[in-house]
Amino acid sequence: MKNLINKFRSSVWLYPVIYSLVALILSIVITFIDKTYTDELSYFVNGIFYTTPALAQTVLGIVAGAFITIATFTFSTTMVVLTMYSSQFTPRVVENFLNNETTMKSFGIFVSGFIYAVTSILFIDVSVDGNLILAASVGVVYVIVGLTYFILFIHSVSTHIQASDLILRLHLEALDKIKEYRDFIKESKIISEDGMLEIAKDKNALKVFSPSDGYIQEIDYPRLQKLAENHKGIFCFKKVVGQFVSTETRILTIYDKGQEAFDEKVVDQIQKCVIIGNKKTQAQDFSFTIQKIVEIAVKALSPGINDPNTAIHCLRIIGVLLRDLADIKKGYVILKEDDESGFIIYEAFDLEVLLYDAYNQIMFYGQSDASVVVEGFKSLKFIKAKASGENRNTLKAYSENLFEKLMSNAYGKFEYSKIIKEYNDLIND
């Protein structure tokens, strides 16, 4: 059900369908008022808003034509923007534009305006002489609202196609998800691999496999916690959100003392708490948003685009984002530990993995440009500023490995000296 709700919320037809239903209801209500309460409303509504049925048909016909024209132009513009997103940035950011409320509300207004005008024309009765109606005036107001949204749509498109604006929005999205993750683990206890082995000692182990092939999109932790408490078991995840799993992949292990039998029904309930899909989502996965920034940087470094300044900006943003994760501990997070009842243990994000995913591709494709390499080491310095003791060692080891691979390139004397300076500042600071 949660997966279905998420799909419904992210669908491109959500606002058009809702607005079209509202427009249809509005058309029926206005028609009912015109046929039933015209005389009563004439005391409250100025006569300038009333029109004859013939004039109303003409006006509503123009309104319908205007809305279908705007909708066609908007659709064409959207296709151009989506093509540009895929070719110049990354296909993964296409959904960011489609999920933008201004874009979807604009579609909804244009489609619903056309539906209102057409249905109102259908309901107009031209056989009654002297009949006055309000439908045309409401249609004119609808057009004004539609033109306002059209201007907003054009403004939205003009800002969305800018790389800096797209990176900024991804930056803010990632910050929100990172804050949620930090708040999530702040109230929890983190144990090492040895601690995990100690908990699993002298307990029965039941392996739970993925119900389908795909990416782990979300995990319903509150529901899993209730299941663990009810059955007095320890649910241990050794997969993180965003990882690809198959039906042969063990997604978690249940540890218990044999006091409770975990039959197929219970296992099925556990599997339903893990949402598997054919693509990554950023609902619980901040690393997916960082991946989008990485892909923008890699695309900017491609020979077809050749925009190293965008890649440099992406490196700076990545450094700022990972800086907020530089003090996280490696190991396993325990949620609401209780010896008498069950609880959940899941694998925490590892800074070493995050560094590899964030920097390796950019530094590989940008290694021929010394300015990109220099900015890469500067970006790593942002992370080191807040890194804990263990993570500082991880960062140092990663930087040394990265420097060793980059030194196989032939840089000029001046470029080499700049790279050495930034690298030494990073290692020795």
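The values are calculated or read from the model by the stated rules, or taken from the named source; none is laboratory data. From a predicted model like this one, the values you see are computed outputs, not experimental measurements. Heads up, the Cβs are rebuilt from the backbone with ideal geometry, glycines too, and the neighbour counts pull from every protein chain shown. Ligands, DNA and RNA are stripped out before the accessible areas are found, and what is left, the full protein with its side chains, is counted by its heavy atoms. Shrake-Rupley method; radii C 1.70, N 1.55, O 1.52, S 1.80 Å.
Filtering the stretch 281-331 to residues that are surrounded by fewer than 23 Cβ atoms within 10 Å (Cβ to Cβ) and among the aromatic types (Phe, Trp, Tyr) leaves only 288. If you go through the stretch 145-180 and keep only what is open to solvent by 30 Å² or more (accessible area, probe 1.4 Å), among the aliphatic types (A, V, I, L, M) and either touching a His at 6+ places or on another chain (Cβ under 7 Å) or under 23 Å from residue 107 (Cβ atoms) (or both), you end up with 145, 147, 151, 152, 154, 161. Considering the stretch 202-234, the residues that are free of Cβ contacts under 8 Å to residues at least 60 places away in the same chain and not hydrophobic (A, V, I, L, M, F, W, C) include one that is surrounded by the fewest Cβ atoms within 10 Å (Cβ to Cβ), namely 202. Considering the stretch 5-32, and only residues there that are buried (at least 16 other Cβ atoms within 10 Å of the Cβ) and farther than 30 Å from residue 97 by Cβ, the residue that is modelled with the highest pLDDT turns out to be 27. One residue alone among 80, 138, 128 is open to solvent by 50 Å² or more (accessible area, probe 1.4 Å) and at pLDDT 85 or above, and that residue is 80.
So that you can scan it fast, the table gives a plain yes or no per residue for (1) more than 30 Å from residue 223 (Cα to Cα); (2) touching a residue at least 40 places away in the same chain (Cβ under 8 Å); (3) open to solvent by 50 Å² or more (accessible area, probe 1.4 Å):
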site	(1), (2), (3)
333	no, yes, no
342	no, yes, no
349	no, yes, no
356	yes, yes, yes
372	yes, yes, no
379	yes, yes, no
386	yes, yes, yes
394	yes, yes, no
404	yes, no, yes
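Rundown of residues vs (1) touching a strand residue (DSSP E or B) at 6+ places or on another chain (Cβ under 9 Å); (2) aliphatic (A, V, I, L, M); (3) closer than 25 Å to residue 180 by Cα, yes/no style:
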{"residue": "225", "(1), (2), (3)": "yes, no, yes"}
{"residue": "240", "(1), (2), (3)": "yes, yes, yes"}
{"residue": "244", "(1), (2), (3)": "yes, no, yes"}
{"residue": "249", "(1), (2), (3)": "yes, no, no"}
{"residue": "264", "(1), (2), (3)": "no, no, no"}
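When the stretch 181-201 is limited to residues that are touching a residue at least 12 places away in the same chain (Cβ under 8 Å) and out of contact with any strand residue (DSSP E or B) (no Cβ under 9 Å at 6 or more places or on another chain), the one that is most open to solvent (accessible area, probe 1.4 Å) turns out to be 182. Tallying residues that are closer than 19 Å to residue 71 by Cβ, assigned to a helix (DSSP H, G or I) and not small (Gly, Ala, Ser) within the stretch 84-121 yields 17.
Scanning the stretch 131-156 for residues that are touching a helix residue (DSSP H, G or I) at 6+ places or on another chain (Cβ under 6 Å), hydrophobic (A, V, I, L, M, F, W, C) and within 18 Å of residue 73 (Cα to Cα) yields 143, 150, 152, 153.
In the set (1) free of Cβ contacts under 8 Å to residues at least 60 places away in the same chain; (2) out of contact with any Ser or Thr (no Cβ under 8 Å at 6 or more places or on another chain); (3) open to solvent by less than 70 Å² (accessible area, probe 1.4 Å), the condition left unmet by residue 251 is number (2). Looking at residue 86, is it out of contact with any helix residue (DSSP H, G or I) (no Cβ under 9 Å at 6 or more places or on another chain) and without any contact (Cβ under 8 Å) to a residue 12 or more places away in the chain? Considered against the rule, which asks whether it is out of contact with any helix residue (DSSP H, G or I) (no Cβ under 9 Å at 6 or more places or on another chain) and without any contact (Cβ under 8 Å) to a residue 12 or more places away in the chain, residue 86 comes out as no.
For residue 269, the requirement of being closer than 19 Å to residue 99 by Cβ, of a type in the set (S, T, N, Q) and at pLDDT 85 or above is not met.
Being part of a loop (DSSP other than H, G, I, E, B) and either in contact (Cβ under 8 Å) with a residue 12 or more places away in the chain or among the β-branched types (Val, Ile, Thr) (or both) is a property that residue 173 lacks. Please indicate, with yes or no, whether at least one residue in the stretch 406-429 is at pLDDT 85 or above and closer than 30 Å to residue 188 by Cβ. The answer is no; no qualifying residue exists. Show me the strands (runs of 3 or more DSSP E) found entirely inside the stretch 229-317 where at least 2 residues are within 30 Å of residue 164 (Cα to Cα) and out of contact with any Leu (no Cβ under 6 Å at 6 or more places or on another chain). Because the criterion is at least 2 residues that are within 30 Å of residue 164 (Cα to Cα) and out of contact with any Leu (no Cβ under 6 Å at 6 or more places or on another chain), no strands (runs of 3 or more DSSP E) in the stretch 229-317 meet it.
Cβ-Cβ distances below 6 Å connect the following pairs, each with a first residue in the stretch 273-284 that is farther than 20 Å from residue 228 by Cβ, a second residue that is open to solvent by less than 40 Å² (accessible area, probe 1.4 Å) and assigned to a loop (DSSP other than H, G, I, E, B), and a separation of six or more residues or different chains: 280/242. The criterion of being aromatic (Phe, Trp, Tyr), closer than 27 Å to residue 359 by Cβ and open to solvent by less than 30 Å² (accessible area, probe 1.4 Å) holds for residue 237. Given the criteria open to solvent by 60 Å² or more (accessible area, probe 1.4 Å), touching a residue at least 60 places away in the same chain (Cβ under 8 Å) and more than 25 Å from the chain's Cα centre (by Cα), does residue 111 qualify? Considered against the rule, which asks whether it is open to solvent by 60 Å² or more (accessible area, probe 1.4 Å), touching a residue at least 60 places away in the same chain (Cβ under 8 Å) and more than 25 Å from the chain's Cα centre (by Cα), residue 111 comes out as no. Taking the stated definitions as given, is residue 416 surrounded by 12 or more Cβ atoms within 10 Å (Cβ to Cβ), among the aromatic types (Phe, Trp, Tyr) and over 19 Å from residue 322 (Cβ atoms)? Answer is yes for this residue.
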